[in-house]
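K.L.:
Right, I'll just put the structure down here and ask away after.
The values are calculated or read from the model by the stated rules, or taken from the named source; none is laboratory data. Note that the structure is a prediction, hence the values are computed from the model and not measured. In this analysis, Cβ positions are derived from the backbone assuming ideal geometry, glycine residues included, and neighbour counts consider all displayed protein chains.
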Amino acid sequence: MRLRHIPGAEEAIAESPYVVQEPRQYRGRFRDLFGNENPIRIEVGMGKGRFIMEMAQTHPEMNFIGVERYSSVLLRALQKRAELDLPNIFFLCIDAKELPEIFAPGEVERIYLNFSDPWPKDRHAKRRLTSPDFMKVYDQVLAAGGKVEFKTDNQDLFSYSLESIPEAGWKIEASTRDLHHDPMAEGNVMTEYEMKFSALGNPICKLIASR
Ligand code: SAM
């Protein structure tokens, strides 16, 4: 998702109390930011943040951080966030590549990748958020026993991920190519893209990976 540049987006983000400004200062002590010891879960490429905000509402016993690299997209999430009274969610305006500079080893309990950009051309495979290079990034911040959960309606990206994730030394714990008719759907929170594509009749794929 790449929205047109929105004038003032950077300024609004720089002033927002919902965005972690200078996130590197919190490396190893994100629990201070939340004021509790609850596990921290992040969504990488959260878009307008529907999924992560509903997760935060449904799971007050957990902390959530939404990661989105484009300020114009993050701005939409902030507008929605302002209507909610939630103590357990913050946002980061960064590229996923920077995660190890921001989180200490083991600081993140779970990573959600939802409807990540498919980058269909082979020469762009490294940009896919389930590429072996990105799995190495997640390995650096994820706690022992931590998991990566990935949903998409893109069959090619899903097939690629079923190979690239084990290639990076991870296990696929569970997977389905029809989430909405599978027991894995228990507790499923729909993302913005999931609502849009399932309404068109596209089956939704999901996998859970661990090391
Ligand atoms: N997760 C949302 C959903 O399911 O509705 C949004 C999906 S949208 C197709 C993918 C989002 O990931 C875009 O907003 C894009 O800017 C963001 N994104 C892609 N690569 C990223 C990266 N390397 N770091 C941070 N965000 C990224």
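K.L.:
Any chance you could count how many residues in segment 60-77 are of a type outside the set (Lys, Arg) and either assigned to a loop (DSSP other than H, G, I, E, B) or farther than 22 Å from residue 129 by Cβ (or both)?
P.N.:
Final tally of qualifying residues: 5.
K.L.:
Then there is this: For segment 175-199: of the residues being of a type in the set (A, V, I, L, M, F, W, C) and loosely packed, with under 15 Cβ neighbours inside 10 Å, which is nearest to residue 147 (Cα to Cα)?
P.N.:
185
K.L.:
Mind listing whichever residues of segment 147-169 are surrounded by fewer than 21 Cβ atoms within 10 Å (Cβ to Cβ) and among the small types (Gly, Ala, Ser)?
P.N.:
The answer is 159, 164, 168, 169.
K.L.:
Additional query: Against the conditions (1) of a type outside the set (A, V, I, L, M, F, W, C); (2) touching a residue at least 40 places away in the same chain (Cβ under 8 Å); (3) surrounded by 13 or more Cβ atoms within 10 Å (Cβ to Cβ); (4) over 22 Å from residue 179 (Cβ atoms), where does residue 87 fall short? Just the number, please.
P.N.:
Here residue 87 clears every test but (3).
K.L.:
Pairs, please: C-beta under 6 Å, at least 6 apart or cross-chain, first residue closer than 12 Å to residue 114 by Cα and within 16 Å of the ligand (Cβ to nearest atom) and in segment 180-191, second at pLDDT 95 or above and among the aliphatic types (A, V, I, L, M)?
P.N.:
189/55
K.L.:
Next question, about the same structure. Looking at segment 111-151, which of its residues are in contact with a Gly (Cβ under 9 Å, 6 or more places away or on another chain), among the acidic types (Asp, Glu) and not in a loop (DSSP other than H, G, I, E, B)?
P.N.:
Residue satisfying the conditions is 139 alone.
K.L.:
Could you check segment 18-56 and list, in sequence order, the residues that are of a type in the set (A, V, I, L, M, F, W, C), within 12 Å of the ligand (Cβ to nearest atom) and part of a helix (DSSP H, G or I)?
P.N.:
51, 52, 53, 55
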